[in-house]
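Structure, as structure tokens:
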């Protein structure tokens with residue numbers, strides 16, 4: 001419920017600030033142009049928030065930020081996690097690589113059948129960039145990662161790690177087939 005209230009507040013704030021800066025722009029003369037530019041620029045951030053809120057209302061919670069933070073901590077060696085993700089970290093770390101950047105994008109969200117009930121499921125494409133500490137060489141690694149999220153029953157767990165981003169369409173079709181069962 002608070003998520004919807006925050007979304008509505010983001011939309012309201014965006015329109016108020018945009019309207020105020022537009023009104024100033026209409027009344028402006030040369031001495032107020034800096035104020036108009038500053039106030040007009042301030043509409044960008046509420047607009048961004050409003051877009052994210054709208055997207056969240058339409059698509060549901062995608063947990064991209066949470067997944068990003070979770071994977072970054074594991075792949076940086078700051079905390080332990082699932083065997084598959086820890087294996088990626090251990091493999092790169094053994095050859096002198098450290099995580100330089102990570103990008104998490106939701107590629108599919110829906111519901112899958114798990115323990116005789118349907119729970120929310122998100123599949124992410126994770127692109128990582130690793131830098132060798134000694135040689136300065138950079139390598140890219142892409143993998144697919146999935147969470148199942150059942151907020152109502154306070155259930156959240158990693159479901160699967162897929163090593164190949166090239167077979168993304170096959171993976172999505174398998175997940176969709178599982179969601180129809």
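Residue 167 to residue 45: FRET efficiency via 1/(1 + (r/R0)^6), r the Cβ-Cβ distance, R0 30 Å, to the nearest 0.05?
Here the calculated transfer efficiency is 0.20.
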Simple spin-label model, 7 Å along Cα-to-Cβ: residue 69 to residue 176 in nm?
3.3
Global geometry of the range 64-180, whether rounded, prolate or oblate, following the gyration tensor of its Cα atoms and the 1.5 cut on a/c:
prolate
What length, rounded to one decimal in nm, is gained on full extension from residue 135 through to residue 78, with 0.36 nm per residue of separation minus their alpha-carbon distance?
18.2 nm
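Coordinate-derived values only; no laboratory data. Owing to the predicted nature of the structure, the values given are computational and were not obtained by experimental measurement. With ideal geometry, Cβ positions are generated from the backbone for all residues, glycine too; neighbour counts draw on all protein chains shown.
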